[in-house]
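S.K.: Structure in structure tokens, see below.
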């Protein structure tokens, strides 16, 4: 992906204490499987103990912030998840998607 001087960012987001059930409720409320977030490139989720971890690729941090403000934050509030996501950003050297598909347990 070489689109001029703009390069994507990788975001590692930790949702401390968020269960799989809560994650699924937030996902449904935010609707990202039905309507992809603007500027979102990829998303991967797993759990370590009680903490939900996510690694995303975004066009830039502004796209991530807009999704958080417009969709993720309101969805979390709507389903009663009242934690502050811990997000760390890294400049992406490369974003490669050999197969665009959705695989989800629930």
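S.K.: Inspect the range 58-68 for any residue being assigned to a strand (DSSP E or B), more than 12 Å from the chain's Cα centre (by Cα) and under 16 Å from residue 8 (Cα atoms) and give the result as yes or no. Outline the logic, then answer.
M.R.: Restricting attention to the range 58-68, the residues satisfying the condition of being assigned to a strand (DSSP E or B) are 58.
After this cut, where a residue has to be more than 12 Å from the chain's Cα centre (by Cα) as well, the list is none.
Checked the range 58-68: no residue is assigned to a strand (DSSP E or B), more than 12 Å from the chain's Cα centre (by Cα) and under 16 Å from residue 8 (Cα atoms).
S.K.: A follow-up question, please. Answer yes or no: is there a residue in the range 14-28 that is loosely packed, with under 14 Cβ neighbours inside 10 Å, outside any loop (DSSP other than H, G, I, E, B), touching a helix residue (DSSP H, G or I) at 6+ places or on another chain (Cβ under 8 Å) and at pLDDT 95 or above.
M.R.: no
S.K.: Just to verify a result, which residue in the range 56-106, among those that are without any contact (Cβ under 8 Å) to a residue 60 or more places away in the chain and in contact with a helix residue (DSSP H, G or I) (Cβ under 6 Å, 6 or more places away or on another chain), is surrounded by the most Cβ atoms within 10 Å (Cβ to Cβ)?
M.R.: In this case the residue turns out to be 58.
S.K.: Just for the range 35-55: of the residues that are without any contact (Cβ under 8 Å) to a residue 24 or more places away in the chain and farther than 23 Å from residue 16 by Cα, which one is farthest from the chain's Cα centre (by Cα)? If you could, list the steps in order and put the result at the bottom.
M.R.: Here is the first cut: in the range 35-55, the residues without any contact (Cβ under 8 Å) to a residue 24 or more places away in the chain are 35-36, 43-46, 48-49.
Still in the running and farther than 23 Å from residue 16 by Cα: 35-36.
Values: 35: 13, 36: 11 Å.
Selected residue: 35.
The values are calculated or read from the model by the stated rules, or taken from the named source; none is laboratory data. Because the structure is predicted, anything quoted here is derived from the model rather than measured. All Cβ positions, even for glycine, are placed from backbone atoms using ideal geometry, and neighbour counts span all protein chains on display.
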